[in-house]
């Protein structure tokens, strides 16, 4: 199939649809633990005093799976094709989530979340890579914007399913949606850029190519740096809402599940806004800088909300999500920074490194909690991450109209 045939609107629309729905299921499965943490822990007998620490343990193990999966699927994507990742990753995490519905202890819970994490690692990177390589360079931002805007609504779906069904059934629903989506993927085609790269005698999917070149290594590190604050906001500030609410003197027990649902609705809207700003200004760096500053301000408002009510928390959760609605822009930038023979590796590992980075960020956060309390720890860690992300945004090259049909030598 030629590149011109591949870019027919019908084919591109199907690719965007499949990538969007895949990311929808990915996000559903990624956040479902945070939403059902309290309910499921009570059911399997975790003591209330241990729920925060045990919750950190399980989510960190899941993030470790994402980190490992990023390497596995990224290399597969560049060596054997983007479609192999789209099929293999969703099959793995769908089966893992179905099994997750049968767990009865924390250690088994963590092991299954680790396996699910490996599967979840491949979805977004492969989808964004395929969409980016299938669209004209000045329009691809719209494609990735749609993928992210639709995909993050999976968190809202996870909340509503968890509200109306038992936590075990919530996992069954996530796994079932993934298996159904496999049928839709049968009709999509491989990236023509990848097919062209296979005809060239260049190394593909070799992560060592990034490590052995100082210029490529820093290019990669800058990509990682721009995404740091997002998972701290979602994975700690909102996931630990009950604990933050208690420290702020809230008269209500704040619901992490509702907070995550509203935050992801905000992220979805933020993704659309970020995409349009990038298309209008023809600059992804400007978008990233705006959102980094906005997230810092919003986090400070959240952490300073003494006596926060449930209604106020809902509004702030939405605003926090809106302020970090640059995930698709971050992944798109990572995709645009590297040639076709390394693109899937970078686009898959970068977001999963950021998710996996929640592990050391959690340890750093706990260090500051022990010395300064949970609220001050939130301030300190967010400031550190914001400074790093703004510096990396300044250092990356603008890639809005960059031609992606090239390889790294």
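Structural remarks
- Difference of contour (0.36 nm per residue) and Cα-Cα distance, residue 394 to residue 87: 106.9 nm
- Between residue 269 and residue 166, the modelled labels are 3.6 nm apart [label points 7 Å from Cα along Cα→Cβ].
- Helix-only [θ]222 nm of the chain, DSSP H runs n ≥ 4, -39500 (n - 2.57) each, per residue, nearest 500: -25500 deg cm²/dmol
- Counting only alpha carbon atoms, the long axis of helix 214-225 and the longest principal axis of the chain meet at about 40°.
- Residues in the stretch 300-315 that a label on residue 376 would reach, taking backbone N under 14 Å of a point 7 Å out along Cα→Cβ: none
- Normalised per residue, the volume of the convex hull around the Cα set of the chain (Å³): 120
- Residues 109, 28, ranked from the fewest to the most other C-beta atoms within 10 Å, line up as 109, 28.
- Gyration tensor verdict on the stretch 72-190 (Cα atoms; rounded if a/c is under 1.5, prolate if a/b is larger than b/c, oblate otherwise): prolate
- Percentage relative contact order, the chain, counting C-alpha pairs under 8 Å, at least six apart: 25
- Using the Cβ-Cβ distance between residue 280 and residue 218 with R0 = 30 Å, the FRET efficiency computed as 1/(1 + (r/R0)^6) comes to roughly 0.55.
- Sorted on the mean count of surrounding Cβ atoms within 10 Å across their residues, most packed first, peptides 319-326, 58-65, 158-165 read 319-326, 58-65, 158-165.
- Simple spin-label estimate for residue 405 and residue 51 in nanometres, 7 Å along Cα-Cβ: 5.6
- Square roots of 5 times each gyration tensor eigenvalue, C-alpha, the stretch 1-116, largest first, Å: 35, 15, 11
- Length gained when the stretch residue 39-residue 364 is fully extended (0.36 nm per residue, less Cα-Cα span): 114.3 nm
- Label-to-label distance, residue 68 versus residue 297, with points set 7 angstrom from Cα along the beta-carbon direction: 4.3 nm.
- Once the C-beta distance of residue 95 and residue 137 is scaled by a Förster radius of 41 Å, the resulting FRET efficiency is 0.65 to the nearest 0.05.
- For the stretch 359-387 and the stretch 41-102, distance of Cα centres in Å: 25
- Three principal axis extents describe the C-alpha atoms of the stretch 274-401; from largest down they are 49, 31, 23 Å.
Each value in this text was obtained by applying a stated rule to the coordinates, not by laboratory testing. Remember, it's a predicted structure, so these values are computed and weren't measured experimentally. Every residue, glycine as well, gets a Cβ built from its backbone with ideal geometry; the counts of neighbours run over all protein chains shown.
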